[in-house]
Amino acid sequence: CVAFSDGAMLQNVLRRESFDLLVLDWNVPGLEGVELLTWLRTWHADRVPALMLSSRTWE
């Protein structure tokens with residue numbers, strides 16, 4: 001298990017490494033989880049499963 005506190009840092013690592021599963025938070029600094037997932041699905045051939053989590057409330 002590897003934790004990243006910044007979405008842009010994770011994006012840089014994903015350019016070089018692969019993971020078996022991503023657990024993404026919607027609200028992270030640098031690059032939000034949904035933006036990272038969009039980039040991953042568009043530009044990355046590896047179709048790693050992703051789970052989106054959030055403490056965001058919808059009002």
TODO: Go through (i) 3.5; (ii) 5.6; (iii) 4.2 and flag the label whose value is the computed mean projected area of the Cα convex hull in nm² for this structure.
DONE: (iii)
TODO: Under a 10 Å cutoff between Cα atoms, tell me which one of L37, L14, L24 has the largest fluctuation in the Gaussian network model of the chain.
DONE: L14
- [ ] Show that you can apply the helix-only estimate: for the chain, add -39,500 (n - 2.57) for every DSSP H stretch of four or more residues, divide by all residues, and state [θ] at 222 nm to the nearest 500.
- [x] -9500 deg cm²/dmol
Task: Degrees between helix 33-43 axis and first principal axis of the chain (Cα, 0 to 90, nearest 10) - done: 30
TODO: At most 13 other Cβ atoms within 10 Å and a DSSP loop assignment: could you name the chymotrypsin sites (Phe, Trp or Tyr not before Pro) in the chain that fit?
DONE: W58
Open item on the list: What does the extension gain come out to for E17 and V2, with contour length at 0.36 nm per residue minus their alpha carbon separation?
Closed with: 4.2 nm
Task: Under the Karplus curve 6.51 cos²θ - 1.76 cosθ + 1.60, θ = phi - 60°, whole-Hz ³J(HN,Hα) for region 18-31, x wherever Gly or Pro sits - done: 10, 10, 7, 7, 10, 10, 10, 9, 4, 9, 10, x, x, 7
TODO: Name the long-range amide H neighbours of L24: under 5 Å, sequence gap of 5 or more, or other chain; modelled H, no Pro or chain starts.
DONE: L51, M52, L53
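Only the coordinates and a few stated rules stand behind these numbers; no lab work does. Everything quoted here is computed from the prediction, not taken from an experiment. Cβ atoms come from the backbone with ideal geometry, glycine included; neighbour counts cover every protein chain shown.
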